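K.L.:
Quick one: this structure, given as structure tokens, is what I'll be asking you about.
The values are calculated or read from the model by the stated rules, or taken from the named source; none is laboratory data. Remember, predicted model here, so these are calculated numbers, not experimental data. Cβ placement follows ideal geometry from the backbone for every residue including glycine, while neighbour counts extend to all protein chains displayed. Heavy atoms of the whole protein, side chains included, go into the accessibility calculation; ligands, DNA and RNA do not. Shrake-Rupley method; radii C 1.70, N 1.55, O 1.52, S 1.80 Å.
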Amino acid sequence: MRKQTKMPLLPLRGMVIFPYMIIHLDAGRERSVAALEQAMTGDRRILLCAQRDAEADEPTREGLCDVGTVAEIRQLLKLPGGAFRVLVEGLCRGEIKGFKALAAYDEVSVLIHHDVTENSMEMEALTRSVVHQFEDWVKLSKKIPPEALVSVAIIDDAGRLADLIASHLNLSQEARQELLELLNVRARMERLYAMLTREMEILALERKIGARVHKQIEKLQKEYYLREKVKAIQTELGDKDGRQADIDEFQQKLAKGDYPETVKKVIEKEIRRLESMSSFSAENGVIRTYIDWLLELPWTKRTGDAVDIRRARRILEHDHYGLKKVKERILDYLAVHKLISESPAEDEETENARQKAPILCLIGPPGVGKTSLASSVARALGREFVRASLGGIRDEAEIRGHRRTYVGAMPGRIIAGLRRAGTRNPVFLLDEVDKLTHDFQGDPASALLEVLDPAQNHTFNDHYVDLPFDLSSVFWIVTANDLGGIPRALRDRLEIITLSSYTEQEKLEIAKRYLLPRQRKENGLSAAALTLGPGVLQRIIAEYTREAGVRELERLLGQLGRKAARRIVEDGVASVKVTVKELETFLDRPKYARTKAEKEAQVGVVTGLAWTEAGGAILPTEVNVLKGKGSLILTGKLGDVMQESAKAALSYIRSRADRLHLPANFYEKQDIHIHLPEGAVPKDGPSAGITMATAMISALTNRKVRSDVAMTGEITLRGRVLPIGGLKEKVLAAHREGLRTIILPKENVRDVEDVPDSVRKKLEFIPVETMDEVLGHVWENCRGGSRR
């Protein structure tokens, strides 16, 4: 068993000393100085060990590495200020086995390790490989003199050779400590060889990068020389260089154009900067782009309004079928705009009203014509039309622009749209404003507040342009699918116009008037080349689409057109007629059944009605009653509001247990499970309250609910039925699914007038105020109600 030796400890900061190294060290810490003095009174031996944390003034055992170097003090010199400079020579490796913090210095118990070198051909080959790698590294790095190779070549001991080479390499403290802790000579040599190989690869990359940079510098110098030569030739010939040509073009545009005085001053200043700047400057292109944007923006250019209400009505009627109330509201705004623009500016208020255009917000499901309505408004006004899609935007700079300090900075979408329009008063459509998001880069919706606020947008400041631009003459139109997705502060600045879902009859007329002719044209077909038999459009609408708008319907008609075009080309026929019987050969099997509603009366199954961004939908609700401990189980991905509504419905049922002929403690021994199918689709809102209450009562009393009834309404604890929203879309969904009786809150009766006459005449509406009235109309043997 090897003996342990006690000796003073000198902790090292940020360095590792190898055996056989002779090096000067400076010691200033009191405990370090005391350790040196103690060593000098003895055999001059001291353990040099690296600290794990170089910032620690008095490291503990945990703060020291496990292996250090036993060194002999050759010389000790006292410096001014109490510090010592010591010359030490590394002797061998020492492993710390014990640590004791004395009053003046730290003492350690050290296990001495001497290198044991094996004599084998494999070890000799490894040694030669390390020496060759070191020689190549010295030649490439040129960081140490070639004489160092002589001292390496004369060493026969592999362990001493590894330590000497490691002391010359520019390794990190962690890598040096790793080599020091490798007590096995073969393992140390193998690790050193790997480190030398890595250093050689790094040196090769450094030389490659240096050569590439040198080549680029030579290329730039050559280009500079050639440009100066071309410039001299152009000067002799009287030609102008590209930069001067651009400057002359900018000055001509500035002289011819009508710009505000503040804009002129900024452009002139930037042109002077461009003239005085070197053509090789990185700022050169930035200034050119900035001047170009300022010159191209329509600071004063306007298009004259040609507001003719009769013509506007004709355009809206020609471009869109139905939407009567929407068209009326748009015509109202156009009439007000015409009167204000024609009235004399008698005071400041009239002038301000003349400048401020209305901000319309079209809310409706996808595919109902919001974007095309905005385009028709532009046609009716005789203005340019610009569209900017805001869906998914999360960076405020998309609205306000980027500051010119950023590389690749550009104006925001508002200024970019006005440049495309070429006028300062276009019809500007901000599409999908409810899809705006926000993150650490800012909130685009907040940036829109300035854009859409008539009190602020006459001095809109884009970060890139950095000059106030008047947006008050722009006719803003905003579109969204969901009003709830628009921030409240932004919603307050908008005039809301709601577009509802289309009925099947409206879809039929739209397909005949617009979609089918457009698809014939896009597929190269004449009216005679593609014809549809009776009932084809009706079947496509009923069995191949389930949407509020007509986008899917147009895609299906496009598919018909492509199939017909292929048949005409392949078979050589002159025309194709699609009949109801042949429809499946063109469009495959129907995607939807005629109705998802229940066909037979069942216990615990009730049809509710829901509103979605894509229009209305039916909401089948199922309830099972099981033996249990009185739990209410809710499945179908229900939101918090819907879950609370289910709990309120159950509380109502418990309070009416006697009248419903239920045991007083029915809820203690039975579990009630409420499920709404299509479990992957999130559902929320209070309007399914009476639906869930009816389904639970049906399951508890074992009574069947009529299959032709749909219902919607919020329920209170006392059984009152409260009004809901989106009634028109819900009624259209019920009609589409073949339901004929609608139970609705009495306060929503006024909303029934919004339902198209063609649908309203086919349905029976039963207004209710309490849950008792609902139960009077839902059971299988109940018939009756009030038709409206």
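K.L.:
So if I check each of Leu91, Leu111, which one is more than 19 Å from Arg13 (Cβ to Cβ), modelled with pLDDT of 85 or more and open to solvent by 30 Å² or more (accessible area, probe 1.4 Å)?
P.N.:
On the way: Leu111 fails: open to solvent by 30 Å² or more (accessible area, probe 1.4 Å).
The match here is Leu91.
K.L.:
Look through region 280-310, keep the residues that are without any contact (Cβ under 8 Å) to a residue 60 or more places away in the chain and aliphatic (A, V, I, L, M), and return whichever of them is most open to solvent (accessible area, probe 1.4 Å).
P.N.:
Of everything passing the filter in region 280-310, Ala282 is most open to solvent (accessible area, probe 1.4 Å).
K.L.:
Looking at region 406-415, which of its residues are surrounded by 19 or more Cβ atoms within 10 Å (Cβ to Cβ) and either under 11 Å from Glu296 (Cβ atoms) or in contact with a Lys or Arg (Cβ under 9 Å, 6 or more places away or on another chain) (or both)?
P.N.:
Result: Pro411, Gly412, Ile414, Ile415.
K.L.:
Show me the helices (runs of 4 or more DSSP H) entirely contained within region 701-788 in which 1 or more residues are out of contact with any strand residue (DSSP E or B) (no Cβ under 6 Å at 6 or more places or on another chain) and under 28 Å from Ile363 (Cα atoms).
P.N.:
727-736, 757-760
K.L.:
What is the one condition in (1) assigned to a helix (DSSP H, G or I); (2) open to solvent by 20 Å² or more (accessible area, probe 1.4 Å); (3) over 21 Å from His114 (Cα atoms); (4) without any contact (Cβ under 8 Å) to a residue 40 or more places away in the chain that Glu178 does not satisfy?
P.N.:
Glu178 satisfies all of (1) assigned to a helix (DSSP H, G or I); (2) open to solvent by 20 Å² or more (accessible area, probe 1.4 Å); (3) over 21 Å from His114 (Cα atoms); (4) without any contact (Cβ under 8 Å) to a residue 40 or more places away in the chain except (3).
K.L.:
Sticking with this one: For Leu126, indicate whether it is at pLDDT 80 or above and either out of contact with any helix residue (DSSP H, G or I) (no Cβ under 9 Å at 6 or more places or on another chain) or surrounded by fewer than 15 Cβ atoms within 10 Å (Cβ to Cβ) (or both).
P.N.:
Considered against the rule, which asks whether it is at pLDDT 80 or above and either out of contact with any helix residue (DSSP H, G or I) (no Cβ under 9 Å at 6 or more places or on another chain) or surrounded by fewer than 15 Cβ atoms within 10 Å (Cβ to Cβ) (or both), Leu126 comes out as no.
K.L.:
In region 263-279, which residues are touching a residue at least 40 places away in the same chain (Cβ under 8 Å) and within 38 Å of the chain's Cα centre (by Cα)? Write out each step before concluding.
P.N.:
Going residue by residue through region 263-279, those that are touching a residue at least 40 places away in the same chain (Cβ under 8 Å) are 263, 266, 279.
Passing the criteria: Val263, Val266.
K.L.:
Provide a single number: the residues in region 516-545 that are within 38 Å of the chain's Cα centre (by Cα) and outside any helix (DSSP H, G or I).
P.N.:
3
K.L.:
Still on this structure, I have one more. Which condition does Arg191 not pass, out of (1) modelled with pLDDT of 85 or more; (2) in a loop (DSSP other than H, G, I, E, B); (3) not aliphatic (A, V, I, L, M), if it passes all the others?
P.N.:
Evaluating Arg191 over (1) modelled with pLDDT of 85 or more; (2) in a loop (DSSP other than H, G, I, E, B); (3) not aliphatic (A, V, I, L, M) leaves (2) as the failure.
K.L.:
Kindly evaluate Leu111 against the criterion of being closer than 18 Å to Ala187 by Cα, out of contact with any helix residue (DSSP H, G or I) (no Cβ under 6 Å at 6 or more places or on another chain) and touching a residue at least 12 places away in the same chain (Cβ under 8 Å). Don't jump to the end; show me each part of the working.
P.N.:
Values: closer than 18 Å to Ala187 by Cα: no; out of contact with any helix residue (DSSP H, G or I) (no Cβ under 6 Å at 6 or more places or on another chain): yes; touching a residue at least 12 places away in the same chain (Cβ under 8 Å): yes.
Criteria not met by Leu111.
K.L.:
Okay, next question. For region 314-329, what are the residues that are in contact with a helix residue (DSSP H, G or I) (Cβ under 6 Å, 6 or more places away or on another chain) and either of a type in the set (A, V, I, L, M) or farther than 18 Å from Leu499 by Cβ (or both)?
P.N.:
If the condition is that a residue be in contact with a helix residue (DSSP H, G or I) (Cβ under 6 Å, 6 or more places away or on another chain) and either of a type in the set (A, V, I, L, M) or farther than 18 Å from Leu499 by Cβ (or both), then Ile315, Leu316 are the ones that fit.
K.L.:
Related question: Just wondering, is there one or more residues in region 143-159 that are under 56 Å from the mean Cα position of the chain (by Cα) and surrounded by 10 or more Cβ atoms within 10 Å (Cβ to Cβ)? Before you say what the answer is, go through the steps one by one.
P.N.:
Narrowing region 143-159 to residues under 56 Å from the mean Cα position of the chain (by Cα): 143-144.
Cutting the leftovers down to surrounded by 10 or more Cβ atoms within 10 Å (Cβ to Cβ) gives us 143-144.
So far as region 143-159 goes, yes, one or more of its residues are under 56 Å from the mean Cα position of the chain (by Cα) and surrounded by 10 or more Cβ atoms within 10 Å (Cβ to Cβ).
K.L.:
Give the residues of region 10-31 that are crowded, with 18+ Cβ neighbours inside 10 Å and over 17 Å from Leu180 (Cα atoms), sorted by residue number.
P.N.:
Residues satisfying the conditions are Leu25, Ala27, Arg31.
K.L.:
Inside region 194-220, can you point out the residues that are touching a helix residue (DSSP H, G or I) at 6+ places or on another chain (Cβ under 8 Å) and open to solvent by 100 Å² or more (accessible area, probe 1.4 Å)?
P.N.:
Correct list: Arg207 only.
K.L.:
For residues in region 457-483 being open to solvent by 30 Å² or more (accessible area, probe 1.4 Å) and in a loop (DSSP other than H, G, I, E, B), which is nearest to Ile363 (Cα to Cα)?
P.N.:
Here the residue is Asp482.
K.L.:
Is region 311-325 home to any residue that is farther than 30 Å from Arg404 by Cβ, over 39 Å from the mean Cα position of the chain (by Cα) and touching a residue at least 40 places away in the same chain (Cβ under 8 Å)?
P.N.:
Yes, the conditions are met somewhere in region 311-325.
K.L.:
For the structure I just gave you, tell me whether Gly524 is small (Gly, Ala, Ser) and touching a Gly at 6+ places or on another chain (Cβ under 9 Å).
P.N.:
Considered against the rule, which asks whether it is small (Gly, Ala, Ser) and touching a Gly at 6+ places or on another chain (Cβ under 9 Å), Gly524 comes out as yes.
K.L.:
May I pose another question? Go through region 567-590 and count every residue that is open to solvent by 100 Å² or more (accessible area, probe 1.4 Å) and either aliphatic (A, V, I, L, M) or touching a residue at least 40 places away in the same chain (Cβ under 8 Å) (or both).
P.N.:
Result for region 567-590: 2.
K.L.:
Does region 55-88 hold any residues that are in contact with a Phe, Trp or Tyr (Cβ under 7 Å, 6 or more places away or on another chain) and open to solvent by less than 70 Å² (accessible area, probe 1.4 Å), and which are they?
P.N.:
Residues satisfying the conditions are Arg61, Thr69, Leu76.
K.L.:
What are the residues in region 371-387 that are under 25 Å from Arg310 (Cβ atoms) and within 25 Å of the chain's Cα centre (by Cα), if any?
P.N.:
Matches in region 371-387: Thr371 only.
K.L.:
Among the residues of region 510-541, write down those that are surrounded by 16 or more Cβ atoms within 10 Å (Cβ to Cβ) and in contact (Cβ under 8 Å) with a residue 60 or more places away in the chain.
P.N.:
Answer for region 510-541, where residues must be surrounded by 16 or more Cβ atoms within 10 Å (Cβ to Cβ) and in contact (Cβ under 8 Å) with a residue 60 or more places away in the chain: Ile510, Tyr514.
K.L.:
Those residues that are at pLDDT 80 or above and in a loop (DSSP other than H, G, I, E, B), I need them from region 273-304; list them, please.
P.N.:
Listed by number, the residues that qualify are Leu297, Pro298, Trp299, Thr300, Lys301, Arg302, Thr303.
K.L.:
Something else now. Does region 547-558 contain at least one residue that is open to solvent by 40 Å² or more (accessible area, probe 1.4 Å), over 29 Å from Thr498 (Cβ atoms) and assigned to a helix (DSSP H, G or I)?
P.N.:
No; the residues of region 547-558 include none that is open to solvent by 40 Å² or more (accessible area, probe 1.4 Å), over 29 Å from Thr498 (Cβ atoms) and assigned to a helix (DSSP H, G or I).
K.L.:
Quick one: which strands (runs of 3 or more DSSP E) sit completely within region 1-72 and have at least 3 residues that are more than 25 Å from Leu164 (Cβ to Cβ) and touching a residue at least 40 places away in the same chain (Cβ under 8 Å)?
P.N.:
On the way: elements: 4-12, 22-27, 45-50.
In region 1-72, 4-12 are the strands (runs of 3 or more DSSP E) which contain 3 or more residues that are more than 25 Å from Leu164 (Cβ to Cβ) and touching a residue at least 40 places away in the same chain (Cβ under 8 Å).
K.L.:
Just to be sure I understand, how many residues within region 181-202 are under 19 Å from Asn119 (Cα atoms) and touching a strand residue (DSSP E or B) at 6+ places or on another chain (Cβ under 8 Å)?
P.N.:
Within region 181-202, residues that are under 19 Å from Asn119 (Cα atoms) and touching a strand residue (DSSP E or B) at 6+ places or on another chain (Cβ under 8 Å) number 1.
K.L.:
Return the residue satisfying two criteria in turn: it lies in region 679-702 and is open to solvent by 10 Å² or more (accessible area, probe 1.4 Å) and in contact (Cβ under 8 Å) with a residue 60 or more places away in the chain, and of such residues it is farthest from Gly776 (Cα to Cα).
P.N.:
Lys683
K.L.:
Met642 fails exactly one of the following numbered conditions: (1) open to solvent by 50 Å² or more (accessible area, probe 1.4 Å); (2) touching a Gly at 6+ places or on another chain (Cβ under 9 Å); (3) among the aliphatic types (A, V, I, L, M). What is the number of that condition?
P.N.:
(1)
K.L.:
Related question: Is at least one residue of region 447-456 free of Cβ contacts under 8 Å to residues at least 60 places away in the same chain, of a type in the set (Asp, Glu) and open to solvent by 50 Å² or more (accessible area, probe 1.4 Å)?
P.N.:
no
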